[in-house]
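Remarks on the structure that follows.
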């Protein structure tokens, strides 16, 4: 069967040559030229048909070898392994410095199919998370972290479903791209980890579109509906809905900008009690039962500017410098309802020999945003549990003093990254923060809440 195209081609060439030779003697030069051109055209058409046939047979053979159905066009594996050392420290004498050694393992696969469909999943490591009023309610893996802490006598570790999604991209031409996703997915919103921790894999549905005005300017829209909990016997299950509009531009080969506006709404907040939903972080105002006292429907503005220098010592290719920031306002809270950040990035890691240095200052007030969404590594020391609970600290799931991320935080974030190879990267991060509303319930002798969080990561991608 594999030799059939070659035999067909040889036959066509022989027959064409004989026919041309037999009729050639009685034709003028012009007629002979036209006949020759027609013969060439026919051979080119046959050649295209033969190539298409061979490609189809080859594709079919490859699918048979890989035992993939005919409607699956490709299958891809991805993953990464990260080793981490981290230290939490604070100036308060009541805080005991903590050192942890951890790892994060993620492994996934995605199948691309005919008719513009994609289905994928990813498994990840992660410690089991318990919470609630008694601290015994099992919620599964921590929604803000896939890290596993080394210890417990070398016991077996947990593995969780980190992503499970179906995606359809019915439009993908030179001007438009439109796709929809359902399941547990990557976050579709392009915002910093002041708004969404980068480890959060939301659950629900998302719509993403992009329109290319020309080769320099693009408009993008991201919309999503995320399920926050499903409570038996309740008709007021909590969820989050959001929309984002982005304008991305390349003004010159060296100058790029991006601007965005986003709006979100958290519904069913009365069902986001520590006994009914993971309560990993802190900051929001709650009553003695743990009920949230503010609504969350913030508007977020974002902007960035990137300039690429032609070169930089000890850096390959163009050297980008990016400045940017975000501003958030939550009309659903009467006070402590704003947040902002501003930062600069030098370089861009990810390719062998390249490096990156990032600095950001951030102010995230207590009721600006739902406390479970921001970066959980960005925290400070609560010497007496949450200061906004009028004494009912356990109702917030804090269980007394400790280092907590979330809202009610202001301070500095510095990160340096170097790529040894395209696959291996070393990064050092340091957070230095304090509470905006201080430890009102703490001892009068030491209410200091400033805390540092040092992280060293070595990661391999595969």
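The values are calculated or read from the model by the stated rules, or taken from the named source; none is laboratory data. All of these numbers come straight from a predicted model, not from anything done at the bench. Cβ sites come from the backbone with ideal geometry, for glycine too, and all protein chains shown count toward neighbours.
A few remarks follow.
- Selection of first residues in the range 301-329 that are in contact (Cβ under 8 Å) with a residue 40 or more places away in the chain and of second residues that are loosely packed, with under 14 Cβ neighbours inside 10 Å and not in a strand (DSSP E or B), restricted to Cβ pairs under 7 Å at least 6 apart or on distinct chains, gives the following pairs, ordered by first then second residue: 307/254; 308/254; 318/310.
- If you go through the range 310-324 and keep only what is surrounded by fewer than 18 Cβ atoms within 10 Å (Cβ to Cβ) and farther than 12 Å from residue 348 by Cβ, you end up with 310, 311, 313, 314, 323.
A quick yes/no check of all residues on (1) out of contact with any strand residue (DSSP E or B) (no Cβ under 9 Å at 6 or more places or on another chain); (2) modelled with pLDDT of 95 or more; (3) assigned to a strand (DSSP E or B):
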position	(1), (2), (3)
195	no, yes, no
201	no, yes, no
219	no, yes, yes
226	no, yes, yes
233	yes, no, no
257	no, yes, yes
260	no, yes, yes
284	no, no, no
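- Candidates 218, 145, filtered to the one that is within 22 Å of the chain's Cα centre (by Cα) and closer than 30 Å to residue 81 by Cβ: 145
- Of everything listed in (1) farther than 30 Å from residue 367 by Cβ; (2) out of contact with any strand residue (DSSP E or B) (no Cβ under 7 Å at 6 or more places or on another chain), the single unmet condition for residue 125 is (2).
- Comparison of 303, 288, 339 shows that the only residue that is surrounded by fewer than 17 Cβ atoms within 10 Å (Cβ to Cβ) and under 23 Å from the mean Cα position of the chain (by Cα) is 303.
Yes/no matrix, rows are residues, columns are (1) in the same structural domain as residue 294 (by TED's automatic domain parsing); (2) modelled with pLDDT of 95 or more; (3) in a loop (DSSP other than H, G, I, E, B); (4) more than 30 Å from residue 458 (Cβ to Cβ):
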site	(1), (2), (3), (4)
320	yes, yes, no, no
331	yes, yes, yes, yes
339	yes, yes, no, yes
360	yes, yes, no, no
363	yes, yes, no, yes
369	yes, yes, yes, yes
381	yes, no, no, no
387	yes, no, yes, yes
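- Candidates in the range 259-276 are the residues that are within 19 Å of the chain's Cα centre (by Cα) and touching a residue at least 60 places away in the same chain (Cβ under 8 Å); of these, the one that is nearest to residue 305 (Cα to Cα) is 260.
- Residue check, residue 135 at pLDDT below 90 and in a strand (DSSP E or B): no
- Filtered by the rule that a residue be closer than 19 Å to residue 294 by Cβ and either surrounded by fewer than 15 Cβ atoms within 10 Å (Cβ to Cβ) or touching a helix residue (DSSP H, G or I) at 6+ places or on another chain (Cβ under 6 Å) (or both), the range 238-273 gives 238, 263, 265, 270.
- Flag for residue 176 being touching a helix residue (DSSP H, G or I) at 6+ places or on another chain (Cβ under 8 Å) and touching a residue at least 12 places away in the same chain (Cβ under 8 Å): no
- Residue 189 being closer than 27 Å to residue 143 by Cβ, in contact with a strand residue (DSSP E or B) (Cβ under 8 Å, 6 or more places away or on another chain) and surrounded by fewer than 18 Cβ atoms within 10 Å (Cβ to Cβ): no
- Single condition residue 372 does not satisfy, out of (1) without any contact (Cβ under 8 Å) to a residue 12 or more places away in the chain; (2) crowded, with 19+ Cβ neighbours inside 10 Å: (1)
- Long-range neighbours under 9 Å by Cβ, at least six apart or interchain, first residue under 19 Å from residue 117 (Cα atoms) within the range 51-74, second modelled with pLDDT under 65 and part of a helix (DSSP H, G or I): 68/62; 69/63; 70/60; 70/63; 72/63; 72/66; 73/59; 73/63
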